[in-house]
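Working notes, beginning with the structure itself.
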Amino acid sequence: MSVAPVLVVSGRVSVVAEGERWSLGPVTVRPGDMLALRPAADRPVPEAALAFARVLATLASPSSGRVELFGSDPAALPYLSLQRVRFRLALVQESGGLLSNRTVAENVALPLRARGDAGDDAVEAEVGAVLGRFGLSDLATRRPHGLGAAAAFGVRAARALVARPEWVVVEGVGDWEASRGGSRSWELIDAAREASGTACAVCLPGAHSEFEAWLAGRGGRVETFAADTRAPGGAEGGRDA
Amino acid sequence: MNPVDRLGAAVLSGGRHVLYLLGLVYLAAKTTWLLRRQGRREFRREILLQVYFTGVQAIGPVVTLAALAGTVVVAEGLALFGTLSGAEALGREVTVLLLREVGPLLVAGVVIARSVTAIAAELGTMRVQREIEALEVMGVSPIRLLVAPRLLGGVMALLGLNVVFGVAALALGFASARAIAAIPASLFLSAVLSAVSAAGLLAVAVKIVVGGLGIMAIACYHGFDVRGAPTEVPVAVSRAALNALVFLVILHASITLLAFLVGGAPSPMAVIR
C-alpha cells in the first residue's frame, strides 16, 4: 500500500521575489522524506527561498501552479479546514517569529496551549522534555530578545517539533555548525523524521555543500528552483493565503 | 487634482477605513465564537493582561484628571450658580458635564495616549518580527489571540476607568465645593442623583462601549497594517492615535447631539440655562 504524499507540486509552481519569477517542480514529498530547496543559479536568492518557504507553509499561494498539502490545496480551503492543515505542519523561521512578550517555555508551549487539547501538567511536561532535548532548559524563563542566534533557532525548532508535526518547513540552515558538521537542532529534526515520519523541507538561499552532503547521508535530496523567463506577475512572494 | 476630487477621494478613503474597522470587529466576534473551544486559557490571559495594562495601570492618571476636572467644574459652577442656593444646579452640572460628557472623553483620551499607541506599536513590531506569521502557521488565529482580547479587555478597562473617574470626580469635586463654600452633602448628592436618567446612562454606555471598540479596533488595524519595515511602526502609532482621537470626538459629538435632539438627556447648556 502506498503512503499518501504530504506535499505534491504538480507541474511547475512559481513565485515572484524582488521582481523576478522563480519556478519549481514537479515535486512529491512523502512521510519521512527530507529535501532541500535551493536556487539552481550560482548566486544566492534569499527572497525566492523565503517565498517558497511561505508557500510550502501555507502562508502564501504561488503566483501560478498548484501545491497540495495532505491532499488539498490550502489556498482553496475555508479557514477552519486550513487551520486543521496548519495543525499538522510547522515552520522554523530563519529570524524573528518568537513572541517577544513570552518566555522561551511559553513560546514553546504556545502550539499546544493554543489548540487547547492538552492539560496544563501535560503541556508543562512536554515542553520541559522538548527543552531538555534541545539543551535549552536553562533558558526556559528567558525572553527571546536575550537569546543568541543559535539559541533562538533552537527555540524555534523546539516550538516546531513540540506538537509532533507531519510536515516541517525550515528557512535556511539555522544553527548549523560547520566545525561540527551539524547541530543539535538538525539532529533532533532528523530524529523526528526517523521516529515519526515527519517530512521536512529546507529552503536554502543558495548552495550549501556541507548541509547537502549531510542531507544526502540521511537519504535526503535536493530540488532546485530556477529563474523563470516569463514576465513577472502576481504578488511579490506569492499571494497571501 | 481639483478640490472636489480631493474631497471625494478623502470621503472614499474614510469610508473604506470605516468598512475595514467594522470588518475587523466582525471578524473578531466571529473567530471568538467559532474558535471558542481552542486555547481558552491563552484567550483569558490576553484579556486579563489587556485589562491590567489599559485599566489598572491607568488608574493613577485617571484619578488625577478626575480631581482636576472635578475641581474646575465645581469652581466654575460655584462662580456661575452661587453657593448655597446653587447647590442643586451645581450637582446637576457635575453630573452632566463631568460624568456624561467630560469623563468618558478624558478617560478615552488617557486610553488613546497610553494603550492605543502601545497596541499599534506592539502589533506593528510583531508584524515586523514575523511573530504574527508564526502564529498563523501554528494554526493560531491572530484575530482571535491578539485582536479580540484587546477589544474586549479595552472595553472592560474603559468601563472600569469611567466608574473610577466618576467616583473620584464626584468625591474630589464635592471636597472642593466644601472647601470653597458650605455646600450640604445631602443636597449635593441628591442633585447629582436627580440628574441621572436612563437616557443619560444609555448615552454614556454607548460612548464607552462603541468608543472603546472603535479606538481599540483602530489601534489593531494600524498595527496590522505595518507591512514589514521597522520605519512603518512610528507612522502606524501616530496614525492610530490621531484617527482614534478624531473618531472619539465625532462619536461623542454625535451621541450628545442625538441625545439633545431626542430630548431624553439634557445637555450641559440646558442645565446652565
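A few notes on this one:
- Modelled label reach - A:Asp73, point 7 Å along Cα→Cβ, region A:27-49 residues with backbone N closer than 17 Å: A:27
- Inter-part distance where region A:139-206 and region B:230-252 are each reduced to a Cα centre, Å: 39
- Residue order, fewest to most beta carbons within 10 Å, for B:Lys207, B:Lys30: B:Lys30, B:Lys207
- Taking the DSSP bridge list for the protein assembly as shown and keeping only pairs wholly inside it, about 50 percent are antiparallel.
- Going by neighbour counts of Cβ atoms within 10 Å, the residues B:Val72, B:Val246 line up, fewest first, as B:Val246, B:Val72.
- Start at zero, step by 5 Å, and the Cα-Cα distances of chain B spread as 1, 6, 12, 14, 15, 14, 11, 9, 7, 5, 3, 2, 0, 0 percent across the bins.
- Distance (nanometres) between label positions extended 7 Å along Cα→Cβ at A:Arg88 and A:Arg164: 1.5
- Dipole in debye (nearest 20) - the protein assembly as shown, about Cα centre, beta carbon charges: Lys, Arg +1; Asp, Glu -1: 960
- Dividing the convex hull volume of the alpha carbon atoms of the protein assembly as shown by its residue count gives 186 Å³ per residue.
- For chain A, the dipole from Cβ point charges (+1 on Lys and Arg, -1 on Asp and Glu) about the Cα centre works out to 320 debye, to the nearest 20.
- Inter-centroid distance (Cα atoms) of region B:1-64 relative to region A:1-80, Å: 34
- Centre separation in Å (Cα based) which lies between region B:121-187 and region A:85-133: 30
- The ranking of A:Thr103, A:Thr58 from fewest to most other beta carbons within 10 Å of each one's beta carbon is A:Thr103, A:Thr58.
Laboratory data are not the source of any read-out in this text; all were calculated from the coordinates shown. Computed from a predicted model, the values in this text were never measured in an experiment. Please note: Cβ atoms are built from the backbone with ideal geometry, for glycine as well, and neighbour counts cover all protein chains shown.
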